[in-house]
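Peer 1: Quick one: structure below, then a few questions.
The values are calculated or read from the model by the stated rules, or taken from the named source; none is laboratory data. The structure displayed is predicted, hence computed values, not measured ones. Heads up, the Cβs are rebuilt from the backbone with ideal geometry, glycines too, and the neighbour counts pull from every protein chain shown. Ligands, DNA and RNA are excluded from the accessible area calculation, which covers all protein heavy atoms including side chains. Shrake-Rupley method; radii C 1.70, N 1.55, O 1.52, S 1.80 Å.
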Amino acid sequence: MTDLSEAIATRRTPPQEVEVWLFDLDNTLYPASCRLFDQVERRMAEFICGFLSITEEEAHALRRQYWQEHGTTLSGLMLNHGLDPEDFLAYVHEIDLSAMRPDARLNRALERLPGRKLVFTNGSMRHAARILERLELTHHFEAVFDIAAADYVPKPESGAYDALVRRHDVRPDRALFVEDTAKNLPPAARMGMTTLWLHHEHSRPPEAEAEAHIHHRTDDLAGWIEGLLEDRARR
């Protein structure tokens, strides 16, 4: 009997044949060492403190609980407390980007990479636009599919992936999804996408289901793309 990971591997598309590249945003297109999410998490807790009139400690505990249970803290707050998502997103994403620097190597790699490129994020459009502008990567991407475009259904809920492929006419069997959060990869793989897990010093180890749906892995996105381009050139 073929196990799950072997079954998935037999139907994945070789990276050489990928036509659409889907990239997560946070801790994927910039290094996790920038620690931007420290700021986001702090602002989430501040917002929750005011919104629910609870202590900072309680707010952080609720933030973590909702992330685990619902995919995002936002989803938990919407489902359980009737939160207006726009107010929350506007507050938590007003962060300092000064720790982030353009990566000339990644810029060159994306420039050489043929095919359509889209950002697929649980964040907001404004957050993505600010980061892409800061990184000088905006021109590489055809579109940003943000949490509002997904009707506030977050990764790893399958509805977010379904909405993306419909809106942007993506053939899953010709797409590759790059993501640093391993639990967000299985829905893409089940649709027929090829997956690339970008791990870093702050990555959570993949659980069994996520591990079975990781087709490729790297700790250097620019280097992985460079290697792919070299392999394509030899063929």
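Peer 1: Could you list, in sequence order, all residues of the stretch 18-53 that are acidic (D, E) and within 19 Å of H213 (Cα to Cα)? If you could, list the steps in order and put the result at the bottom.
Peer 2: Restricting attention to the stretch 18-53, the residues satisfying the condition of being acidic (D, E) are 19, 24, 26, 38, 41, 46.
Matches in the stretch 18-53: D24 only.
Peer 1: State whether one or more residues within the stretch 150-159 are among the polar types (S, T, N, Q) and modelled with pLDDT under 95. I'd like the intermediate steps shown before the answer.
Peer 2: Going residue by residue through the stretch 150-159, those that are among the polar types (S, T, N, Q) are 158.
Among the residues that remain, those that are also modelled with pLDDT under 95 are: none.
No: zero hits.
Peer 1: Any residue in the stretch 110-136 that's under 23 Å from L185 (Cβ atoms) and of a type in the set (D, E, K, R): show its pairings with residues that are in a helix (DSSP H, G or I) and open to solvent by 10 Å² or more (accessible area, probe 1.4 Å) at Cβ separation under 8 Å, as long as the two are six or more apart or on different chains.
Peer 2: Final answer for the pair search is K117/H140.
Peer 1: Where the second residue is crowded, with 21+ Cβ neighbours inside 10 Å and the first is polar (S, T, N, Q) and lies in the stretch 173-186, which pairs have Cβ atoms under 6 Å and are six or more apart or on separate chains?
Peer 2: N184/K155
Peer 1: Which number in (1) in contact with a strand residue (DSSP E or B) (Cβ under 6 Å, 6 or more places away or on another chain); (2) more than 25 Å from P31 (Cβ to Cβ) marks the one condition that G192 misses?
Peer 2: (1)
Peer 1: Could we say that D3 is modelled with pLDDT of 95 or more and within 24 Å of T218 (Cβ to Cβ) here? Write out each step before concluding.
Peer 2: On the way: modelled with pLDDT of 95 or more: no; within 24 Å of T218 (Cβ to Cβ): yes.
Judged against the criteria, D3 is not a match.
Peer 1: Next question. Kindly provide the set of residues from the stretch 6-55 that are within 30 Å of R235 (Cα to Cα), modelled with pLDDT of 95 or more and open to solvent by 60 Å² or more (accessible area, probe 1.4 Å), ordered by number. Give the derivation first.
Peer 2: Pass one, the stretch 6-55, residues within 30 Å of R235 (Cα to Cα): 6-24, 28-29.
Now drop any that are not modelled with pLDDT of 95 or more, which leaves 18-24, 28-29.
Within the stretch 6-55, just E19 meets the criteria.
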